[in-house]
Every structure is written in C-alpha cells, then in structure tokens.
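Chemist: Pasting a structure below so you can have a look.
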Amino acid sequence: MSYVDSILNDLKKKNSNEPEFIEAATEILESIKPVFDAHPEYEENFLLERFVEPERVIMFRVPWVDDKGDIQVNRGFRVQFNSAIGPYKGGLRFHPTVNLSVLKFLAFEQTLKNSLTGMSIGGGKGGSDFNSKGRSDGEVMRFCQSFMSELHKYIGPDTDIPAGDMGVGGREVGYLFGEYKRLANVHVAVLTGAGLEFGGSLVRKEATGYGLIYITQMALKPRGESFKGKDVVISGSGNVAIYAAEKAISVGANVVAMCDSKGYIHDENGIDLDVIKEIKEVKRGGISEYLDYPGKRKTSEYMEGEIIWNVPCDIALPCATQNELSEKSAKTIAKNGTKFVAEGANMPSTNEAIDVFLKNDIIYLPGKAANAGGVATSALEMAQRSSRLSWTFDEVDQRLKNIMENIYADIDKVARDYDHENNYVIGANIAGFIKVANAMVAQGVV
Ligand code: NDP
C-alpha cells in the first residue's frame, strides 16, 4: 500500500463520523500522490500524518437570551488547522448545518487555498450552528457577543484572524469586532471584512465573486473564449454569488439563473441583479420574492425545490454551499454542453461530479483556487490596517486581479509539470501543498 493510501485509510477509520472532512481529504490526498516520488523527505518526516491532523480544535458553549427573554444555547467552534506558513486565517460560518466535520473540511481546504494566494497565512475555520434567519438585530448582536466572549481567548492579529463566511456578513463582523475590542482593549486587525469606518478594505465585499470571474477569464482566454454573450448559471444569491454575477454581467455575460436554498429564478434574457440585491442584501428575504417586483420580465420564472443545474449554460459557477452539485447534475451539465465550471463556493461539487467534469474535458477550476480572492483581499485588508493606509478601490481591485492571475499561472504550470495538463484539481492541490509541506519540514516536529 502506498504512503498516501495508508494515511487515507487511517484517516477514514479515525474520522468515520466526519463525512465532509473525509471527502475533502480524499480529494486532496489522492491528487497529491505524484509528489511523493520526488520528495522522499516528506514520508521520512511523517509529514502527512501531521498534515491531516488539525493543530488545535476549540469547541464551546454559546448561551444567549432571545427577544422573548428565553435562553438559547448554540455550539461554537474554531478549527486551527495549520500555521506552518502564517497565522491561522479563515472565515466564521453561522448556519444550522455547521458541525465539526464541515469545519474541519473547510479549514483543511483553507490551508491549501491560503498557500495558493502566495501570502503568509495559515488555515483555519470556525463558526456555529446558530441560524440568523428570522432573528432581530438585537438577537444577532447578543449571540455574536456571547460567541466572541469565548473565542477572543484564542485569536489575535498574529495568531488567528477570522473573517466572514455563510451567515456572517458586515453586520455580524461589526458585532464580533465590537465585543473583541471591549474584551481585549485593542483596536487591531483581528477580524477581516470590517466596516470601512473601522479598518475595512474597499473591494473585500466584492472580492470572492470578482476574483472568481478574473480567474475564469484566465482560463477562457487561452482557449479563445470570453464571457461576452455567454449564458452563465450561478447558484446561491449570497455574498459570493451576487458579486460574481455583478462582475460577469459587467464583462458581457448573460446570467440566466440564480438560486437560494428554496428554489431558483430563471430568465433566459438575464436576471435583474438589482432586484436580487434588494431582496438578499436589504430585506434578507427569499429569492421567490423576485416575481413580486414590478417591471420583472415576462420571461422570468421561479422553480421551487428544483435543481438549478438543469438550466443549460455555457459557464457554470457554483457559489452556494458544499455538495450542492451531484454526479447526476454534473452529467446534465456535460450533456448540455457546458465547457467551464468554476467554483465560488467551497467543495460545491462532489468528488463523483468532479470525475464527470474531467472525463468530459470540461475545464474545472476548484474552489480552493477559484474563490481564493476573498481571503487574499482579507490579507490586503490586514496590510492596509497595519500600515494605517487605505488603498483606493482600483488599487485593491488591481492587486486582486494580479493575485488571481498568479494563482491561475501557478496551478496551470504545476498541472503541466506533473503531466496532467488542464487538470486543475492536481494543479491546485500540489501547488498549495508543496509550500506548506516544505515549511513543515523546515520547522521540525511540531
Ligand atoms: P451567504 O450566506 O452570503 O450565501 C449563501 C447562499 O447559498 C444563500 O443564497 C443561500 O440561500 C444559498 N444556499 C445555502 N444552502 C443552499 C443549498 N443547499 N442549495 C442552494 N442554495 C443554498 O454565503 P457566501 O456567499 O459568503 O458563501 C457561499 C459559499 O462560498 C460558501 O461555500 C463559502 O464557504 C464560500 N466562500 C465564501 C467566501 C466569502 O468571502 N464570503 C470566500 C470563499 C468561499 P438561503 O439564503 O436560502 O440560505
């Protein structure tokens, strides 16, 4: 049995109740197999045994009082996965589906993603099973304060710098930061995605979505293609999906469908993004409300409980959540002639779906490369904050674009170097892994 296979077997036994973590680890370890022939020192240093184990996992109780005066209790987590190349960095997710398996998969992915950005940031992820839907601002604030009253012990600007993720936007980051500042008595970059008035960066809100479009453009260009006139399906209608749609439309794409967890809106003549923004960013409502807006086109329709991937498109951008794109949907996508799939979300495609993309010569950009623009811009936020400078929108946007171009060049080169041209799963995993692995070897057995 190969070194990688024995580690994977052991990991499956030890973590049999963590399906998402096993899924992510399987994808990563299978694709970095070719590295070990050229690097016997990794096995000699028991590198993979250490690489798959988080450095630290923190779990805690989050008690808070709702508007009726009743006590609620949620579970809080922070997974500090790997700090070989820099302090832990990765978002906080507030969503009822949050558990240790989900956060370990996200933190593991984050370790490689952060390495791909070329910046000195390690991998972490955290969050809670708290559901902010239907909760008042006061309830969200009290929850965030209770969450931070425990988390603040384990984070800091040179230790661990969380950010937003699903369910954690500007409002939540504001409340979390306020509580951290009160407890620690320092005004430092300990949470990115901060408001512009207190240290935030321009473009952070747009960064993941814009970055996704920039890297997809890099993949389109050498193949003689562009977004112009292309039909694009974007799943989700949250932070990543909205700004991916905004940038795609600005470069000439026709965004024909977007969704939320209940259903999707389809309009062959193009979705009205201003309406989506109003529903999701202002009213925090359901996407079905799209049809209530005056001036909506006759061609728009809402499909409740249906799979968005049945809508034919040239370019598919999964931007909602993990495992939202199954093998069956991947086959539909292939049958409909889609040529490019780029992931704004983390692990939205199952491993079986990815196999379908690769077998059908669909150019597939995995999330750890394609959505790295968010964390990269968080690192730009940290740089501005520590130098007490604020760059212009264009300056940050240009840096983001350069970072995405570098990531594409890197994963493309590594895929070719390992004789797997066009296989960006291999390109991204190996490129991200080698930097972390070399840092771990250099730092000894820690
Ligand atoms: P948001 O919470 O802002 O939006 C998530 C969107 O996905 C919502 O529209 C939600 O619908 C929808 N959704 C959730 N579950 C499902 C489902 N099962 N089927 C269909 N739609 C669903 O999150 P973000 O946009 O921030 O994050 C989206 C993804 O991108 C996540 O995987 C996240 O980890 C990843 N990501 C985010 C980054 C960021 O900067 N924000 C950076 C890198 C990756 P509803 O409103 O009904 O819940």
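The values are calculated or read from the model by the stated rules, or taken from the named source; none is laboratory data. Keep in mind that what you see is a predicted model, and the values were worked out from it rather than measured. Counting neighbours? That spans all protein chains shown, and the Cβs are built from the backbone with ideal geometry, glycine included. Just the protein is used for accessible areas: all its heavy atoms, side chains included, with ligands, DNA and RNA removed. Shrake-Rupley method; radii C 1.70, N 1.55, O 1.52, S 1.80 Å.
Chemist: Whole angstrom only: what separates the Cα centroid of the range 98-114 from the Cα centroid of the range 125-139?
Modeler: 20
Chemist: I need the calculated FRET efficiency for the pair Lys331 and Asp419, taking r as the beta carbon distance and R₀ as 30 Å, to the nearest 0.05.
Modeler: Calculated transfer efficiency: 0.65.
Chemist: Moving to a separate point now. Once the other residues with Cβ under 14 Å from the Cβ of Ile234 are scored (Lys, Arg +1; Asp, Glu -1), what is the net sum?
Modeler: Once positives and negatives cancel, what remains is -4.
Chemist: While we're here: For the range 3-198, compute Rh as the Kirkwood radius over C-alpha pairs and then the Stokes-Einstein diffusion coefficient at 25 °C and 0.890 mPa s; write the answer in µm²/s, rounded to an integer.
Modeler: Details: Rh = 17.7 Å.
It comes out at roughly 139 µm²/s.
Chemist: Can I ask one more? Please list 3J(HN,Hα) in residue order for the range 433-444, calculated via the Karplus relation 6.51 cos²θ - 1.76 cosθ + 1.60 where θ = phi - 60°; whole Hz, with x for glycine and proline.
Modeler: Once θ is set to phi - 60°, the couplings for the range 433-444 become 5, 4, 5, 5, 4, 5, 5, 5, 4, 4, 8, x Hz.
Chemist: Anyone know which of Ile315, Ile307, Ile426 comes out most mobile in the 10 Å Cα GNM of the chain?
Modeler: Greatest mean-square fluctuation among the candidates belongs to Ile307.
Chemist: Taking the chain on its own, what percent of its Cα-Cα pair distances exceed 38 Å?
Modeler: Value for the chain: 18 percent of Cα pairs lie more than 38 Å apart.
Chemist: I need to check one value: relative contact order of the range 252-308, counting alpha carbon pairs closer than 8 Å and at least 6 residues apart, in percent.
Modeler: 42
Chemist: Please sort 111-120, 362-371 by packing, taking for each peptide the average over its residues of neighbouring beta carbons within 10 angstrom, highest first.
Modeler: 362-371, 111-120
Chemist: Go ahead and estimate [θ] at 222 nm for the chain from helices alone: -39,500 (n - 2.57) per DSSP H run with n ≥ 4, summed, over the residue count, rounded to 500.
Modeler: Result for the chain: -14000 deg cm²/dmol, rounded to the nearest 500.
Chemist: If you don't mind, there's one more thing I want to ask. Write down the percent of antiparallel bridges among all DSSP beta bridges whose residues are both part of the chain, to the nearest 5.
Modeler: The antiparallel proportion sits near 50 percent.
Chemist: Also: Across 10 Å bins from the origin, how do the percents of Cα pairs in the range 1-87 run, short distances first?
Modeler: For the range 1-87, the pair-distance distribution reads 13, 36, 26, 12, 8, 4, 0.
Chemist: In whole angstrom, how far apart do the alpha carbon centroids of the range 282-357 and the range 1-78 sit?
Modeler: So the two Cα centres are separated by 28 Å.
Chemist: Could you tally up the Lys pairs in the range 265-382 with alpha carbons closer than 24 Å? Skip any pair fewer than 8 positions apart unless they're on separate chains.
Modeler: Taking the Cα cut-off of 24 Å, the pair count is 16.
Chemist: Determine the order of Lys283, Lys221 by accessible area, beginning with the largest, at a probe radius of 1.4 Å.
Modeler: So the residues, ranked largest to smallest area, are Lys221, Lys283.
Chemist: Using the per-residue mean of other Cβ atoms lying within 10 Å as a proxy for protection, in what order, highest first, do the peptides 166-177, 28-39 fall?
Modeler: Listed from highest to lowest mean packing, they are 166-177, 28-39.
Chemist: In whole Hz, with x marking every Gly and Pro, tabulate ³J(HN,Hα) for the range 108-113 from phi via Karplus 6.51 cos²θ - 1.76 cosθ + 1.60, θ = phi - 60°.
Modeler: Result, ordered by residue: 5, 4, 4, 4, 6, 4 Hz.
Chemist: Using only the alpha carbon atoms of the range 207-370, find the Kirkwood hydrodynamic radius as the inverse mean reciprocal pair distance, in angstroms to one decimal. Could the numbers behind the result be given before it?
Modeler: Working: mean 1/r = 0.0649 Å⁻¹.
When all Cα pairs of the range 207-370 are included, the Kirkwood radius is 15.4 Å.
Chemist: My understanding is that a pair violates if its Cα-Cα distance is over 29 Å; which of Lys12/Lys153; Lys247/Lys413; Lys153/Lys262; Lys125/Lys435 do that in this structure?
Modeler: In this structure, Lys12/Lys153; Lys153/Lys262 lie more than 29 Å apart at Cα.
Chemist: Can you give me the relative contact order of the chain as a percent, contacts being Cα pairs under 8 Å and 6 or more apart?
Modeler: Values: 906 pairs, mean separation 68.3, N = 446.
So the answer I get is 15 percent.
Chemist: Let me check against my output: what whole-number percent is the relative contact order of the range 207-370, with C-alpha pairs under 8 Å and at least 6 apart?
Modeler: Worked out over the range 207-370, it gives 22 percent.
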